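To start, the structure under review is shown below, and the notes come after it.
What follows draws every value from the coordinates through simple rules; no lab data is involved. Note that the coordinates shown come from a computational prediction; the quantities given were computed from them, not determined experimentally. Cβ: placed from backbone, ideal geometry, glycine included. Neighbour counts: every protein chain shown.
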Amino acid sequence: MKSADLYPLRLGPWSLLLRVKSLLIGLLLLAGILLVAALGLTQGSLPIPGAVLLRALFYPQGAADQPYYILWDIRLPRLLMAIVCGAMLGWAGAAMQSITRNGLADPGLIGVKEGASAGVLTLMIGFPTLALTWRPVAGMAGGLAVALLVLLLARDCSRPRFILIGIGVSWAVAAGIGVFITTADIRDVQTALIWLAGSLHAATWELVTMAGCWAMLGGVMLYASAGASDVALLGKDTAIALGVRLPLLAALRFTAPVIMTSACVSCVGSLGFVGLIAPHLARFLLRGNQVALLSGSALLGALLVLVADNLGRLAFAPLQIPAGIVMALIGGPFFLLLLWRRRDTL
């Protein structure tokens, strides 16, 4: 069975309804990511011609030392980190909005970013000799603690007060971070401010690998629960009748965004509003189920972070503006627009 726009794909026991228009839009988004990535790899303080770039990518033995170093040690890890973190934040926002049934939901707006930042800052300043692999653990502890506090205070994640309480708690945690910044040693403050701004300049292959592992874990959790999440949108009684275990679903869809957001904060600092904007754009451009929403949000999140990083790095060269600041300039008006559209329901 198929309509003019839907085509079934089957592979053994698995089947998928493919929407041609959504697939074409997804391919266009992927092409946009590749174009922005190519721009980021070739442009910078030292422009690299396309031929030199291809030689350094696919035949590094024959590349000159300087282009090889710039590409493999600086620009390529930074680009991959932007893609991975953008995709994770897009996934996190889509899952959070789905489980709360609130288009304003975003891990950054309920204090997860601030909680993760507090955890990582405690680790960075208090235990500077610990390996980088401990950062996500500290970030997840802080992010999960704040998320659970907001959930406890709101008592119900499906009401607008969940977001409002989350904003209040996030500001309280941000105030605590501000107290630390104003009282700590100046050398620690400089390190903290650069990291908190959401800059990708310090991306390394170790951090990229670490972020990729957490992205795979969170992605598996979300895609594995996507079908049950579609059923849950039909209502609690219908979902239970169809065999959906709502407590397990809620735990997965709540924990995965916290994990991925905390991992992003641990690697690159705060990149706000990506998880808010990407799912809304995905719903506008794509139609379909949770799989389509998650995929579109990941692609748009990666594209947003790539564009923000390239703008911050190239638009005011040699001065570099962190991607987190560029995203805040874009996301602030977007959030105010959403609040205005929902002013009668808050």
Query raised in the report: Sorting ILE99, ILE177 on the 10 Å Cβ count, fewest up front, what's the list?
Result: ILE177, ILE99
Query - Value of relative contact order over segment 18-102, rounded to a whole percent, pairs C-alpha under 8 Å and six or more apart - result: 20 percent
Report summary line: Each label sits 7 Å from Cα toward the beta-carbon; between ILE74 and SER45 the label points are separated, in nm, by 0.5 nm
Query raised in the report: Going through the DSSP H helices of the chain, which span 30 Å or more along their own axis at the Cα atoms while scoring at least 0.0 as a mean Kyte-Doolittle hydropathy?
Result: 20-42, 76-100, 160-183, 246-268, 290-314
Query raised in the report: Residues with amide H under 5 Å of LEU18's amide H, sequence separation 5 or more or different chain, H placed in the peptide plane at 1.01 Å from N; which?
Result: TYR7, LEU9
Report task. Would you mind classifying the chain by shape? Square roots of the alpha carbon gyration tensor eigenvalues, ordered a ≥ b ≥ c; an a/c under 1.5 is rounded, otherwise it is prolate if a/b is larger than b/c and oblate if not. Result -> oblate
Requested in this report: Loop only per DSSP, at most 12 neighbouring Cβ atoms within 10 Å: give me the trypsin sites (Lys or Arg not before Pro) in segment 60-160, ordered by residue number.
Outcome: ARG101, ARG155
Requested in this report: Measure out, as a whole number of angstrom, how far apart the alpha-carbon centroids of segment 170-201 and segment 109-138 sit.
Outcome: 12 Å
Query raised in the report: Working out 0.36 nm times the residue gap between LEU27 and ASP156, then minus their Cα-Cα distance, what length gain in nm do you get to one decimal?
Result: 42.7 nm
Query raised in the report: For the chain, what is the relative contact order in percent, using Cα pairs closer than 8 Å and at least 6 residues apart in sequence?
Result: 27 percent
**Report entry** Percent RCO, i.e. relative contact order, over segment 101-252, from Cα pairs under 8 Å lying at least 6 residues apart
**Finding:** 21 percent
